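This report refers to the structure that appears directly beneath it.
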Amino acid sequence: MTMNADLTLPEPKNVADAAALLRDGKLCAFPTETVYGLGADATDADAVLAIYETKGRPRFNPLIIHCADLAMAETLAVFSPLARRVAALWPGPLTLVLPARPGNGLADVAMAGLDSVAIRIPDHKLALELIAAVGRPLAAPSANPSGRLSPTTAYQVRLGFAGRVPVLDGGPCRAGVESTIIRVEGDRLVQLRAGAIAREEIERRFGVPVEVAEKDAAIAAPGMLASHYAPNALMRLNAEPREGEAYLAFGTAPEFGGMMRNLSETGDLHEAARNLFSMLHELDAVGAGVIAVAPVPDTGLGEAINDRLQRAAAPRE
Ligand code: TXA
Ligand code: MG
């Protein structure tokens, strides 16, 4: 990809502008409470294909379909009683993988040919207004080139795609880490991806255990490639910083003279999740060869944070 930003691109100034682009079969990035999504009309196969092409995303990796409300979601998927109960967390950073409703009108490429569909209702005013204004469900993966860091600001989206994707700017994302993905299987809940709602919170709220899918459940969540969310720098996890490295701290940080960011000085995992991608972006931007990362506890939202860190650190092809 070239880094020449196309400064002539008309930016959508409001929801109506963005909706007009999407209704016209164009792509438009938009904010959600988790990360920015690269949106397309999910019923328009050409528009959805443009998502894959723009991201450089493998075709087998299905997309999350964003709905404005439960009525829209019910036209796309079959909700069991348990699925309907858990959907009480909507709008929110939860994606449910459910049996697709036959003839739901979604482009096959959006579901990557599966007979299940991943759906969520985002908890973001602009996102909800946008989907309602388009009047159709929006397919939207995170608005980054495939395998790179997810964007939590409009600026990062522009940077990632060298200015070639229009962005509806809604300021920084609240959660900063992607949605939790849960597959509803009969009376079981299986987490395919840790995310912005902690597993324990879902268990507490509904009194149902949430199982964790096998780490290599490639078929369960085909997008969960080992190396993902990768910055340019190499990553050293659970590490103290060495000279010449950049350092991503958590909680009380050791003395360090180099470039450093702290996910949360008070050790707050919500704050850390919100800061994760933007701080990785910032540290990566200074061109350090290695980013050393402090240990982050694996409880609550720490599970999602560590999942992203391990993918960012995984050996690359
Ligand atoms: O917070 C989020 O979820 C963001 C915002 C934009 O909503 N979106 C996001 O989408 O993270 P994406 O495309 O980057 O991740 C979608 C994940 C992939 O790992 C994909 O494999 C999985 O969802 N997925 C989609 N459909 C699936 C299905 N039918 N069965 C299993 N996994 C599925
Ligand atoms: Mg992504």
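The values are calculated or read from the model by the stated rules, or taken from the named source; none is laboratory data. These numbers were taken from a predicted model, which means no experiment stands behind them. Cβ: placed from backbone, ideal geometry, glycine included. Neighbour counts: every protein chain shown. Surface accessibility is based on the protein's heavy atoms, side chains included, excluding ligands, DNA and RNA. Shrake-Rupley method; radii C 1.70, N 1.55, O 1.52, S 1.80 Å.
What to note about this one:
- Subset of the range 139-155 [within 13 Å of ligand 2 (Cβ to nearest atom) and either touching a helix residue (DSSP H, G or I) at 6+ places or on another chain (Cβ under 7 Å) or hydrophobic (A, V, I, L, M, F, W, C) (or both)]: 139, 140, 141, 143, 144, 145, 146, 148, 149, 150, 151, 152
- A count restricted to the range 38-56 and to residues that are of a type in the set (S, T, N, Q) and within 15 Å of ligand 1 (Cβ to nearest atom) stands at 1.
- Helices (runs of 4 or more DSSP H) lying entirely in the range 95-165 (those with 1 or more residues that are among the hydrophobic types (A, V, I, L, M, F, W, C) and under 28 Å from residue 210 (Cα atoms)): 108-111, 125-134
Yes/no matrix, rows are residues, columns are (1) among the basic types (Lys, Arg); (2) open to solvent by 40 Å² or more (accessible area, probe 1.4 Å); (3) under 26 Å from residue 145 (Cβ atoms):
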| site | (1), (2), (3) |
| --- | --- |
| 233 | no, no, yes |
| 257 | no, yes, no |
| 262 | no, no, no |
| 269 | no, no, no |
| 274 | yes, yes, yes |
| 280 | no, no, yes |
| 308 | yes, no, yes |
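- Qualifying residue in the range 11-27 (condition: open to solvent by 20 Å² or more (accessible area, probe 1.4 Å), in contact with a Lys or Arg (Cβ under 7 Å, 6 or more places away or on another chain) and either modelled with pLDDT of 95 or more or closer than 22 Å to residue 106 by Cβ (or both)): no
- Residue in the range 32-47 that is closer than 18 Å to residue 195 by Cα, of a type outside the set (D, E, K, R) and touching a helix residue (DSSP H, G or I) at 6+ places or on another chain (Cβ under 6 Å) present: yes
- Counted residues, the range 235-255 - those being open to solvent by less than 70 Å² (accessible area, probe 1.4 Å) and free of Cβ contacts under 8 Å to residues at least 24 places away in the same chain: 1
- Within the range 175-200, if we keep just the residues that are assigned to a loop (DSSP other than H, G, I, E, B) and within 16 Å of ligand 2 (Cβ to nearest atom), the residue that is farthest from residue 79 (Cα to Cα) turns out to be 176.
- Criterion applied to 154, 162, 132, 112 was being away from ligand 1 (no atom under 13 Å from the Cβ) and open to solvent by 20 Å² or more (accessible area, probe 1.4 Å), and the one residue passing it is 132.
- Applying a threshold of 7 Å to beta carbon distances and a minimum spacing of six or more residues, or different chains, the list of pairs starting in the range 192-206 at a residue that is in contact (Cβ under 8 Å) with a residue 24 or more places away in the chain and ending at one that is basic (Lys, Arg) reads 192/183; 206/85.
- Within the range 174-187, considering residues that are more than 9 Å from ligand 1 (Cβ to nearest atom) and in contact (Cβ under 8 Å) with a residue 40 or more places away in the chain, the one surrounded by the fewest Cβ atoms within 10 Å (Cβ to Cβ): 186
- When 146, 142 are screened for being within 13 Å of the chain's Cα centre (by Cα), surrounded by fewer than 18 Cβ atoms within 10 Å (Cβ to Cβ) and not assigned by TED's automatic domain parsing to the domain that holds residue 280, only 146 passes.
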